[in-house]
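The structure appears right after this line, and notes come after that.
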């Protein structure tokens, strides 16, 4: 490890921690959402065999993102959060450069997978760093506030992608990501402090790694809320993978696609911000369980309306907004609850949580998305089924005692 990676930068204050966490977390959303308007152009330019193959530009990234998280948690527990984050951002910049010069669809998918791997490393490092600093509702507040800021990525990213396409070809989108990576890397190098003390660093032997993963899987709370995240984000990835086909193909929006996509992102950001303000009063579980119930109810009503009245763009967007509003109350709280018992192995726990929730979600999304036949109802069907499964998992996790408020088992750090 280099001395530059090992040294501590001036310590960030709380607002900068939130902003920096949001900027790192935005790598994932930005890397996916900015590509959505370009999927059709990519498929045409690189001659994909089937129309649904363009979804792989999304799923190659998310699968790489999920699988890689298994490895970078232990690395961040051994070498520290700062070194892993700096290396991850450097790799992200390289992957963006490879994407710019991809000459085949297979090469682009490989570059996207590498980009996902590097984004995963950055996510693990920043989440472990946040867990080093905070716990319980305080961590949920950080996650919610950061989520609110980084929701600008899915709101703005498709519009940025569409604007780039109006002036240049799709490869320039990756040039934008290349520049974002350089800016983020400079911020991390100059300002990020190391939050893992040397005395708390763990070895890289297989024994400690598997022991940490085993402890995570054996904990009912961590496992249950990770699975809840997995199935609900599986439904969300179905929406991401098919969004361009739904809005452009099923509803014929064309260049207006970014506006429709942004309409769904706004409620999620509003929910995440609201969650940060009310989570202490109502408790993680009450809010989370109500969010899952709302997802099931909204999509059941929408599918009933489609059965009676047929599909329409306003009804689809209204249903999606209601679903993502509810999901905004689920995501940050599920992550906080899954990580709550894992303070001493935060890096490995973040890896296990990210691997299971993201890789599983990507596979679920790819499976459902591959069945897209031109009907937007597939998105609501996915949310309805996955929401019902999530509610059943919550029932198991809490031993049937839902909607209750349980005080934090670990005292919040200042």
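Summary table
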quantity	calculated
So residue 363, is it touching a residue at least 40 places away in the same chain (Cβ under 8 Å) and more than 15 Å from the chain's Cα centre (by Cα)	no
Lone qualifier among 100, 93, 34 - being crowded, with 23+ Cβ neighbours inside 10 Å and more than 14 Å from the chain's Cα centre (by Cα)	34
Residue 32 vs. criteria at pLDDT 90 or above and touching a helix residue (DSSP H, G or I) at 6+ places or on another chain (Cβ under 9 Å)	no
First in segment 308-321 and free of Cβ contacts under 8 Å to residues at least 60 places away in the same chain, second anywhere and surrounded by 13 or more Cβ atoms within 10 Å (Cβ to Cβ) and part of a loop (DSSP other than H, G, I, E, B), Cβ under 9 Å, 6 or more apart	312/251
Candidate set from segment 123-135 (those that are surrounded by 22 or more Cβ atoms within 10 Å (Cβ to Cβ) and over 11 Å from residue 351 (Cα atoms)); member that is modelled with the lowest pLDDT	135
Residues located in segment 367-383, provided they are over 17 Å from residue 249 (Cα atoms) and surrounded by fewer than 22 Cβ atoms within 10 Å (Cβ to Cβ)	367, 381
Residue 411, sole failed condition from (1) under 16 Å from residue 228 (Cβ atoms); (2) modelled with pLDDT under 85; (3) not in a helix (DSSP H, G or I)	(1)
Odd one out for residue 64 among (1) surrounded by 24 or more Cβ atoms within 10 Å (Cβ to Cβ); (2) farther than 25 Å from residue 260 by Cβ; (3) in contact (Cβ under 8 Å) with a residue 60 or more places away in the chain	(3)
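Yes or no, residue by residue, for (1) under 26 Å from residue 117 (Cα atoms); (2) crowded, with 17+ Cβ neighbours inside 10 Å; (3) more than 22 Å from the chain's Cα centre (by Cα):
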{"position": "290", "(1), (2), (3)": "no, no, no"}
{"position": "301", "(1), (2), (3)": "no, no, yes"}
{"position": "312", "(1), (2), (3)": "no, no, yes"}
{"position": "321", "(1), (2), (3)": "no, yes, no"}
{"position": "328", "(1), (2), (3)": "yes, yes, no"}
{"position": "334", "(1), (2), (3)": "yes, yes, no"}
{"position": "340", "(1), (2), (3)": "yes, yes, no"}
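The values are calculated or read from the model by the stated rules, or taken from the named source; none is laboratory data. Here the structure is a predicted model, which is why all the values come from computation and not from measurement. Cβ sites come from the backbone with ideal geometry, for glycine too, and all protein chains shown count toward neighbours.
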